[in-house]
Structure formats: structure tokens, C-alpha cells
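A.B. asks: Take a look at this one; I'll ask things after.
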Amino acid sequence: MVMADSIYGDYAPVYDAIGQGRFGAHMAGWTRCWLDTCGARSAHVLDLACGTGAAALAFAAAGCAVVGVDQSPAMLQIAQGRARAAGHDILFVEGDIRELRIENEGLRNNQSASTCSFDHSAFCILHSAFDLVTCFADSLNYLAADGDLDRVFAGAAAALGTGGHLVFDLNSEAEYTTWDERDIVTYDGRDYMVYNKLCYEPETRLARGRIVWFVRKSKRWWRGEETHTQRAWSDAEVCGALEGAGLALVGRFDVGGAEVSETVADVARMIYIARRV
């Protein structure tokens, strides 16, 4: 996830425990199937805002060489532990996906998820000719400032080899208009309970979700909360940022995998695929 330091810290283990990474794992599988159908490569993958590593592990399990980048140390710690347990050699890097200029020296000081054969010492994210760059689970909606998409897409384009693909999903304004000051329970289990209070300001196109959770330890329940802010990026803004980065839009899809052409504004969550030309 790409967040301020104050979120996805205490919430990271709850996020992982209640399975919120499942969508990323699903998207990794869907993306590989789509690329396979098109005859495109996905051997070398950069997963931006990798969170607790669900998508990165899915790519690694399919035989891909994977690098994951996230700004949350707590999320990365979980991702590293999951990769070690699965025996996958994934390199996880702490960093802001708007600033992908992570050079070799910094990576030498980062431990990979295991001590397998891949030599990370000469690795650099920029100009490394990835086949695929991904960013899943509405992470780009957390970038709320003008120019943020341009910075991420420019970094992704620099990391991709010619013909490589960028795949990401975004919540649209159609989704955020349903955030009408309502409370929803997102998880209710034996040891965890999580609910969100959602609101949206059409004037600023900013959506806020107040996440409150309870964790049971022994006979007591412990409470925590975070407030997350997201931005509704328009399709025109997304396409303009892609074009500005030298990335050609290949297609838009809904979360069911159906291609979207004319009814963009009505789709709550959109999957975008772009290619470096």
C-alpha cells in the first residue's frame, strides 16, 4: 500500500489475518492469464504497493522473478515472512512508488525474503526491463495530489522493457458516490471484527474511510482505528497520465474480466492495461 506512515501500521496484521490480500492474488492470476492469451511475457514482475505480498507470492508461485515495493514497514515484514514460509525468493523494498529511483546501493542493504540464488546486488528498479508492473487493490486511489499518477506512471514506464505491460485497478467515482456516510461491517469473525465508516465529498473528489477494528486476545478485545483517504481519478486523468508517460492504453476491464468501452463512468472498479511502446 502507498500510505502515510500513520496507516497500515497497526492495521497491517489485521489486514492480513482477515484476508484482504485475496483480491491482489486474484488479480495476479487474472493478469497472467490475460498476458498468456496475448502471448506476452510475465517472467520479471515489479509489484507496486505490494502490501502483505499476496500478489507477489502468486506471481512467484508461477515461476516469476518478483520485486515488491511498499511504503509500510509493517506490511513488508508480513510479506517477507510469508515469502520465507513459502520458500520464494522475493525482493521486498521499502519505498514510495511515486519515487521509484531506488538505486543499487540501497538494495544491497535490503534483505530478500530468502537466501536463494537470485543475485540482488546489481539490481536497480529503473531501467531494469521488467516484463510487467502491477499495482492492485485500489492502491493508486490513495494518491490524492495532482501529478501523483504522472509520477507513478513515469516510474513504471522507466522500469518496463519495450513492450512490457502495466496493469492496475482503480475505484471510480461511481464507487465513491455510494460512500454516503454509512457504516459497513467488512469482517466479523471469532477473533476479529472490522467495520468502516465511509463518506465522499464530490467537490474535492476525496473519499474517506474510517476503519475501526477489534482483535480478541485471550479473554479481552483490543480496539484500533485508522482513517484512510482516497481520490476518485477520472478516466480522462488516468488516460492522460498514461499517455504522458509513454504508455499506450491496451484496454479497460471490469472486475469480472469483461472489457469496458463505452460505459466507463458506470463501472465501480476499473482494471487498466497499458503497454510501453
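The values are calculated or read from the model by the stated rules, or taken from the named source; none is laboratory data. Because the structure is a prediction, the values reported are computed rather than measured. Because the Cβ atoms are built from the backbone with ideal geometry, glycine has one as well, and the counts that use them run over all protein chains shown.
A.B. asks: Is there a residue in the range 4-12 that is under 21 Å from D131 (Cβ atoms), surrounded by 22 or more Cβ atoms within 10 Å (Cβ to Cβ) and in contact with a helix residue (DSSP H, G or I) (Cβ under 6 Å, 6 or more places away or on another chain)?
C.D. replies: No; the residues of the range 4-12 include none that is under 21 Å from D131 (Cβ atoms), surrounded by 22 or more Cβ atoms within 10 Å (Cβ to Cβ) and in contact with a helix residue (DSSP H, G or I) (Cβ under 6 Å, 6 or more places away or on another chain).
A.B. asks: Please give the number of the condition E181 fails out of (1) at positive phi; (2) surrounded by 14 or more Cβ atoms within 10 Å (Cβ to Cβ).
C.D. replies: (2)
A.B. asks: Additional query: Looking at the range 41-56, is at least one residue more than 15 Å from the chain's Cα centre (by Cα), modelled with pLDDT under 90, in a loop (DSSP other than H, G, I, E, B) and surrounded by fewer than 21 Cβ atoms within 10 Å (Cβ to Cβ)?
C.D. replies: For the range 41-56, residues more than 15 Å from the chain's Cα centre (by Cα), modelled with pLDDT under 90, in a loop (DSSP other than H, G, I, E, B) and surrounded by fewer than 21 Cβ atoms within 10 Å (Cβ to Cβ): present.
A.B. asks: Would it be correct to say that A157 is in a loop (DSSP other than H, G, I, E, B), within 24 Å of W34 (Cα to Cα) and under 20 Å from the mean Cα position of the chain (by Cα)? Break it down stepwise before answering.
C.D. replies: Values: in a loop (DSSP other than H, G, I, E, B): no; within 24 Å of W34 (Cα to Cα): yes; under 20 Å from the mean Cα position of the chain (by Cα): yes.
So A157 does not fit the description; no.
A.B. asks: Take G63 and tell me if it is touching a Cys at 6+ places or on another chain (Cβ under 8 Å), outside any helix (DSSP H, G or I) and farther than 23 Å from M193 by Cα.
C.D. replies: Judged against the criteria, G63 is not a match.
A.B. asks: Continuing with this model, one more query. Wholly within the range 194-277, which strands (runs of 3 or more DSSP E) include no fewer than the required count, namely at least 3 residues that are within 24 Å of G29 (Cβ to Cβ)?
C.D. replies: 247-254, 269-276
A.B. asks: When only residues in the range 248-271 that are touching a Lys or Arg at 6+ places or on another chain (Cβ under 6 Å) and closer than 20 Å to N141 by Cβ count, which is surrounded by the most Cβ atoms within 10 Å (Cβ to Cβ)?
C.D. replies: At the first step, the residues of the range 248-271 found to be touching a Lys or Arg at 6+ places or on another chain (Cβ under 6 Å) are 248, 250, 255, 260, 270.
Imposing the further condition that a residue be closer than 20 Å to N141 by Cβ reduces the set to 255, 260, 270.
Values: V255: 15, V260: 16, M270: 21.
The extreme case among them is M270.
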